[in-house]
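Please treat every number below as a calculation from the coordinates, not as lab data. These numbers were taken from a predicted model, which means no experiment stands behind them. Cβ placement follows ideal geometry from the backbone for every residue including glycine, while neighbour counts extend to all protein chains displayed.
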Amino acid sequence: MNIALFGTSADPPTTAHQAILQWLAEHYDQVSVWAADNPFKAHQTSLAHRLAMLRHLIAAMNLPRSNVQVYEQFSDRRSLISLQRAKAWWGEDQDYSLVIGSDLMSQIPRWYQIEKLLSAVTLVIVPRSGHPITDPALAKIRQLGGDYRLAETEAPAISSTGYRVSKDQTVLPAPVTAYIHQQKLYLS
């Protein structure tokens, strides 16, 4: 089974996250998504709220199969720990891919036990506007022992940070917007 692992800050999840999940759903047998704290970012909302918003985002998607699910138990700020939890769930004999946006490529060399992580997964790199995928960055992944696949899609030029700054609700799926209003999130 081909399993995509997509841990994301999702603060909040946007239509860009939705587009990435749609692409993954079409290319993988199982898509596991969870909210996680990125140790290189500051977060405004709790994991519980971000997980709830991810569930609303996925529920609003028109998926041909029900192969995209939130796996809260995989959440960890270290991707290697998330991978270990996924392997405990599905077993060692699956093909695991770790999904990242091209904006994270410069952080990868600083990740926890990166060589061990890269030896166990294929990186799926999703192009993001303003964050080009460069040959030196790809060479660094190979140098660290990694294999990668470039996603044949590009995330819309939307970011969670952009939403927090502008409060532009058009970048959020309606159920996520409703949840934000109900819970009174992102007021400042």
- prompt: Given labels modelled 7 Å from the Cα in the Cβ direction, how far is it in nm from ALA174 to ARG77?
  reply: 3.8
query: When we measure straight from the Cα of LYS140, which lysines land under 28 angstrom away, once same-chain ones fewer than 8 places off are left out?
result: LYS41, LYS87, LYS116
- line: Cβ density ranking, 10 Å radius, fewest first, applied to MET53, MET105, MET61 yields MET61, MET105, MET53
- request: With a cut-off of at most 11 other beta carbons within 10 Å, and DSSP calling the residue loop, which GluC sites (Glu not before Pro) in the stretch 97-180 qualify? Please list them.
  value: GLU152
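If packing is taken as the average count of other Cβ atoms within 10 Å, what order do 66-78, 133-145 fall into, highest mean first? Please report the intermediate quantities before stating the final value.
On the way: 66-78: 16.2, 133-145: 12.9.
The densest-packed peptide leads the list: 66-78, 133-145.
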task: Using label points projected 7 Å from each Cα along Cα→Cβ, tell me how many nm separate MET1 and ARG149, to one decimal.
output: 1.6
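Can you give the Kirkwood hydrodynamic radius of the chain from its Cα pairs, in Å with one decimal? Mind dumping the intermediate values first?
Numbers: mean 1/r = 0.0597 Å⁻¹.
When all Cα pairs of the chain are included, the Kirkwood radius is 16.8 Å.
Given axes a ≥ b ≥ c from the Cα gyration tensor, I'd like to know whether the stretch 1-87 is rounded (a/c under 1.5), prolate (a/b larger than b/c) or oblate.
Details: a/c = 2.00, a/b = 1.22, b/c = 1.63.
Because a/c hits 1.5 or more and a/b fails to exceed b/c, the stretch 1-87 counts as oblate.
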- prompt: Extension gain VAL165-ARG65, at 0.36 nm per residue separation less the Cα-Cα distance, in nm?
  reply: 32.5 nm
